[in-house]
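The values are calculated or read from the model by the stated rules, or taken from the named source; none is laboratory data. Remember, it's a predicted structure, so these values are computed and weren't measured experimentally. All Cβ positions, glycine included, derive from the backbone under ideal geometry; neighbour counts span all protein chains shown. We work out accessible area using only protein heavy atoms, side chains counted, and drop any ligands, DNA or RNA first. Shrake-Rupley method; radii C 1.70, N 1.55, O 1.52, S 1.80 Å.
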Amino acid sequence: MSQDTERQDNSQADYTDDKHFTCAVTNHDHNAEGEQQRSNDSTHKEDKDNIDSDMHATEHLEDKDFSEGISEEDRETIKKVANDDNMSQAKSYASILVEQVMDAKETFERSLGSLFTSAFTAGLEIGISFFMILSAFALLSSVLPSQYAIVLASLLYPLGFIIVVIGQSLLFTEQTSLLSLPVLNGIEPLSKLLRLWGIVITGNIVGGCLFAALMVGLGLNMQLFSVSDIDTYAEHVLGFAWWVIFGSAILAGWMMGVAAWLVTSARDTLSRIVLVTLITGSIGFLGLHHSIVGNIEVFSAVLYGNNVSLWRYLLFLIVILVGNTIGGVVFVAVLKNRTFLFQVEKVKEQTASDKAQAKTRTVD
């Protein structure tokens, strides 16, 4: 889609993301470019560009985008329910799901080096949340009881997630449900999904551990927080029975899957930031267990604290990784995918009924 130079600069990131979903885009009249009036409000211009990009997200699906086992009738039905050309309303349910499938398919096709680098970057970026939380906790704990200081400091939890999501780095929990969709629809094999998850998890954990080793150590030397603050916060995370941590991790994974769904439903960057802030802020406020942030929280205590052993850290990491995965895949991907399939069946039945009525009228 052609826009003037300034508008292209403002919307390049969102357009690049959305164009992955588009399989064929119709040609537009380039002569209209000079007559389009520029908006004086830069935020309005950015939002309009994002809407223009979304307009073609799922309208032009091709047969190659479907698995070989899908019949021609089902392909046409999916194309029909995924059509999302009414910009005055929220994106349709089917449009969101098809966009996620297309984006996940794009991720499957990336090189291993690209996947690991993006996941490693996300592991570093998510550490900013913990760094800010720990610094705020150390400051607040001098004037407030510890439990209140932790709750208030947790309001900074969304910062790292905003950087990761808007920057489009690969975060395991945010990508868990999205990456399972091609497998659920028979487009990609399970083995490929497990390999991809392994790469993303490894990159996230390595990046997070490196952040803990360097940045948390830097914070100690800058006297932003103390060793006792690190131990206190680690016990705040670890001080539960394993089954409580497991259940908390399932809920956190569920909420992160919902966040991924809502981010796809949003048509502009500001809406995505608000949605990420609300969901991840709730996770932080409730003290739910997120595997990648939790990795940094507890590994920092292993390196610099006095109370957490390496074995305790590894056991904790395994429990929350499994819990986050179950929450993201079962409660988001599977249920929403089944809802989509029910919607497809409903459209097929309606189409068959319309054809039968048309045939009856023709005979009469």
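With a point put 7 Å past each Cα toward its Cβ, work out how far THR362 is from ILE326 in nm, to one decimal.
Reported label-point gap for THR362 and ILE326 is 5.4 nm.
What is the extension gain from LEU214 to LEU155, computed as 0.36 nm multiplied by their sequence separation minus the C-alpha to C-alpha distance, in nm to one decimal?
Working: separation 59, 0.36 × 59 = 21.24 nm, distance 2.36 nm.
Length gained between LEU214 and LEU155: 18.9 nm.
Compute from the Cα atoms of the stretch 170-257 the Rg and the Dmax, the latter being the longest Cα-Cα distance, and quote both in angstrom.
17.2, 53
Once you put a point 7 Å from the Cα of TRP243 and another 7 Å from the Cα of VAL206, both along the Cβ direction, what distance in nm separates them?
So the two model labels end up 3.7 nm from each other.
For the pair LEU139 and PHE285, how long in nm is the line joining their label points, each one 7 Å along Cα→Cβ?
Going from the LEU139 label point to the PHE285 one covers 2.1 nm.
Using a 1.4 Å probe on the protein heavy atoms, what percent of the accessible area of the stretch 124-240 belongs to carbon and sulfur?
On the way: 3220 of 4640 Å².
Percent of accessible area from carbon and sulfur atoms in the stretch 124-240: 69.
So for the stretch 214-334, Kirkwood radius off the Cα pairs, Stokes-Einstein at 20 °C and 1.002 mPa s: how many µm² s⁻¹?
On the way: Rh = 15.3 Å.
This corresponds to a translational diffusion coefficient of 140 µm²/s.
Hey, how many Å between the Cα centroid of the stretch 276-302 and the Cα centroid of the stretch 147-161?
Here the two parts' Cα centres lie 9 Å apart.
Please find the FRET efficiency linking SER226 to ILE318, where r is the Cβ-Cβ separation and R0 is fixed at 35 Å, and quote it to the nearest 0.05. If you can, show how the numbers build up before the last one.
Working: r = 29 Å, r/R0 = 0.83.
For SER226 and ILE318, the calculated efficiency is 0.75.
Where Lys and Arg each count +1 and Asp and Glu each count -1, what net charge lies around ILE283 among other residues with Cβ under 15 Å from its Cβ? Numbers along the way, then the final one.
Working: positive: none; negative: GLU174, GLU297.
After counting each charged neighbour, the total is -2.
Give, as a single signed number, the net charge of other residues whose beta carbon lies under 11 Å from the beta carbon of ILE150, with Lys and Arg counted +1 and Asp and Glu -1.
-2
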